[in-house]
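First the structure, which I've put down as structure tokens, then a few questions once you've had a look.
The values are calculated or read from the model by the stated rules, or taken from the named source; none is laboratory data. Computed from a predicted model, the values in this text were never measured in an experiment. Note: ideal-geometry Cβ built from the backbone for every residue, glycine included; neighbour counts use all protein chains shown.
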């Protein structure tokens, strides 16, 4: 009877009926608390539900009952990776591979660990080992492609992803990552259709129906809405004036994050509303990052001129005229919570210690163009500014001679205002920055200062300080 219940739990888990599957494994464990496979499978189900703490308890119980089981070690390693415990996860997977050199899942998961440790050469090696052992699968090829993208080998990533997409049941993430590989190569027209795969399991659209396909809008209401981060919104609003000019009879509503409302109210002929509030009825809608695809934008038609202007600074926001160079600094990306998401965020943030060489540059006043308190390493030479929203940030940015920033929304704001921007960029770059360029196809005023190797912020700080001295 317990065996039948166990198999029922497996079938329910495979069918996505996760709570019902947990009830089956609960019944198995009530009948036999020593059933390590029931502990393991309940942990797997809880992982699928993102109940990480409960899954960890189940995996530890399974490990105590069957300490040599490879399946327990591999799944526990996956959980530890999600919690950001990469060293522990790596040790478990290497244990498995020492016992079973042909364990494809262990190779693939070890490759993922190496990816998050920024050891991309080793990540690619591990994924190739998994493919050699078990053959092509969409998941394994996608993992290889992600490592290739991070290693700035987008052509190899493209090859792996096209192999994946030739297989049955390739998931949407393969199409999305192919878009990233194409964007990094500047092949925008090819990339945009694949970029739409983000709505097939990666993101949830607020309004799935009434999607605008580019048809004339005379007399209609079009809702454009912010879908991702603040920087993405600032980057994409450049297309709104083009859309306004091409559809003079349309009513265009732009729904954005609250901190952008006052700044973007300057857009002419557009109703700017909070994304968090009640929005008016519309005929058509489109997420902002789908706009360049609908408009058929490529590198030859991408608008590069400044498209925002500053909100007038208040008397308390006026910077003193010292005759010295005024340089803004932004080093911190927006926190993402704990676990692996926070590790990814930290990869974009610049450690304050890497900025210390700037302190030695004479003739410069430094200002923190990010809200919050200034890091203790910077407090005696970087001045905090009164920033409540992006209108405040714009008012301060227009008074600066230069912004030196991590890959954050401040980059897009200052560049949209036409200000010179130096971006301290991780070695992996980002999808909308070409993989072999010191500038940006989106902004003429942007210069990239990339890590010579992943994680090496010290070299970036020294190079930026040397360039600032020359400036």
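Of all residues in region 213-228 being within 17 Å of residue 271 (Cα to Cα) and surrounded by fewer than 16 Cβ atoms within 10 Å (Cβ to Cβ), which is modelled with the lowest pLDDT?
Step by step, filter region 213-228, then rank; the result is 218.
Shifting gears a bit: For region 445-454, give me each residue that is surrounded by 14 or more Cβ atoms within 10 Å (Cβ to Cβ) and either in a loop (DSSP other than H, G, I, E, B) or touching a residue at least 60 places away in the same chain (Cβ under 8 Å) (or both).
445, 451, 454
Please go through region 408-444 and give me each residue that is in a loop (DSSP other than H, G, I, E, B) and farther than 27 Å from residue 119 by Cα, ordered by number.
Correct list: 417, 418, 419, 420, 441, 442, 443, 444.
Tally up the residues in region 24-56 that are more than 22 Å from residue 78 (Cα to Cα) and either touching a helix residue (DSSP H, G or I) at 6+ places or on another chain (Cβ under 7 Å) or surrounded by 14 or more Cβ atoms within 10 Å (Cβ to Cβ) (or both), please.
Number of matching residues: 8.
Among the residues of region 272-298, how many are assigned to a loop (DSSP other than H, G, I, E, B), in contact with a strand residue (DSSP E or B) (Cβ under 6 Å, 6 or more places away or on another chain) and surrounded by 17 or more Cβ atoms within 10 Å (Cβ to Cβ)?
3
Here is a follow-up. Given the conditions (1) free of Cβ contacts under 8 Å to residues at least 60 places away in the same chain; (2) within 25 Å of residue 227 (Cβ to Cβ); (3) part of a loop (DSSP other than H, G, I, E, B), which single one is not true for residue 186?
With (1) free of Cβ contacts under 8 Å to residues at least 60 places away in the same chain; (2) within 25 Å of residue 227 (Cβ to Cβ); (3) part of a loop (DSSP other than H, G, I, E, B) applied to residue 186, the lone miss is (1).
Give, as residue ranges, the helices (runs of 4 or more DSSP H) completely inside region 1-74 that count at least 3 residues that are without any contact (Cβ under 8 Å) to a residue 60 or more places away in the chain and under 30 Å from the mean Cα position of the chain (by Cα).
Qualifying helices (runs of 4 or more DSSP H): 36-48, 52-65.
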